[in-house]
Amino acid sequence: MSPLIEKMLTLQDRDRKMLQLLREQKDVPARKQLIESRLQAHRESLKASQEEIKKLTATLKNIEVEIEGKKDLIKKYRDQQLQAKKNEEYRALEHEIATVQKQIRAFEDKEIVEMERMEELQKKQTEHQQDFQAEEKQVAAELQVLEQRVGNIQQELDQFRAERTALTAGIEPAWLSRYERILQKTGNFGMVPVEKNCCGGCHMTLPPSVVHEARRGTAITTCNYCGRMLYALP
Ligand SMILES: [Zn+2]
């Protein structure tokens, strides 16, 4: 293999590593969002249980108001009883009082059921709160790792760029510009080996003359199908 092709392959190796790093760099915002979105789900379930508690608190308050109202009503009936002149009148009020007391008991039964539900909800909310805090810690740790990786990517890219400048200094401009154009177009390889008379990039069978040219390795030889530069494996 000619020293020029060897140099080009070293360059390609660095370029591919750089492309990989650039892709990783581009993915960072999406990865960050994905990590943060996990917290969002927790935030939502926490908010939902808070809403439920708020609603139930209002329900319980309403029950209290109803019971108080009924108790006032009984007081009013008792006062009326004191002023009752006839027995029937007194008994009728006694009957009214019994009815209201029954209503109060019904409200109190309902209150017990709702208070049990409240206890459940509060337990659930505490769990949600704990889950949220645990996830928050986890998310912060993952974001920190990602942030570190961002710094490392930049450092590696800077290193590769410096190395690349040194490498390209020894490569013929015609080969270099051709290679760079193809690499940009294909996004993966600018140079591929000839494998069993086929292009190592698109795998199409190459004409014998092209294979022959690639083996000589003295001129730029490209695949007729994908345009990648060809070289022969030793
Ligand atoms: Zn090809």
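Picking from Ile182, Ile35, Thr222, whose Cα lies most toward the positive end of the charge dipole for the chain (charges on Cβ: Lys, Arg +1; Asp, Glu -1)?
Ranked along the dipole, the leading option is Thr222.
Computed FRET efficiency, Cβ-Cβ of Ala162 and Val28, R0 35 Å: what is it to the nearest 0.05?
Plugging the Cβ-Cβ distance into 1/(1 + (r/R0)^6) gives 0.95.
About its Cα centre, what dipole magnitude does the chain give when the only charges are +1 on Lys and Arg Cβ and -1 on Asp and Glu Cβ, stated in debye to the nearest 20?
Here the chain has a charge dipole of around 940 debye.
At 7 Å along Cα-to-Cβ for each site, give me the label-to-label distance between Glu142 and Thr186 in nm.
Rounded to a tenth, the inter-label distance reads 3.6 nm.
Solvent-accessible area per residue for the chain at a 1.4 Å probe radius, Å²?
Dividing the accessible area of the chain by its residue count gives 67 Å².
Counting each DSSP H run of 4 or more residues in the chain as -39500 (n - 2.57), what helix-only mean residue ellipticity at 222 nm follows after dividing by all residues, to the nearest 500 deg cm²/dmol?
-29500 deg cm²/dmol
Glu127 to Val150: extension gain in nm, 0.36 nm per residue of separation minus the Cα-Cα distance?
4.9 nm
Whose amide H sits under 5 Å from the amide H of Glu195, counting only residues 5 or more places off or on another chain, with H placed in the peptide plane?
It is Gly200, by chain and number.
For labels at Arg215 and Gln40 in the simple 7 Å Cα→Cβ model, what's the distance in nm?
Each label point is offset 7 Å from its Cα along the Cβ direction, giving 6.0 nm.
Let's test the formula: R0 of 35 Å, r as the Cβ-Cβ distance of Leu4 and Ala134. What FRET efficiency results, to the nearest 0.05?
Between Leu4 and Ala134 the formula returns 0.05.
Just how many % of Cα pairs in the chain lie over 22 Å apart, if you round to the nearest whole percent?
73 percent
If you find the alpha carbon centre of the range 1-71 and of the range 205-219, how far apart are they in angstrom?
So the separation of the two Cα centres works out to 52 Å.
Mind pulling the angle between the C-alpha long axis of helix 173-186 and the longest principal axis of the chain? Nearest 10 degrees, somewhere in 0 to 90.
30 degrees
Quick one: which residues, 5 or more positions from Thr221 or on another chain, have an amide H under 5 Å from its amide H? H modelled 1.01 Å from N in the peptide plane, none for Pro or chain starts.
Under 5 Å from the amide H of Thr221: Leu230.
Give me the percent of accessible area attributable to carbon and sulfur for the range 142-234, probe 1.4 angstrom.
C and S atoms contribute 53 percent here.
The values are calculated or read from the model by the stated rules, or taken from the named source; none is laboratory data. On a predicted model such as this, the values are computed, not experimentally measured, just so you know. All Cβ positions, even for glycine, are placed from backbone atoms using ideal geometry, and neighbour counts span all protein chains on display. Note: areas computed on protein heavy atoms with side chains; ligands, DNA, RNA excluded. Shrake-Rupley method; radii C 1.70, N 1.55, O 1.52, S 1.80 Å.
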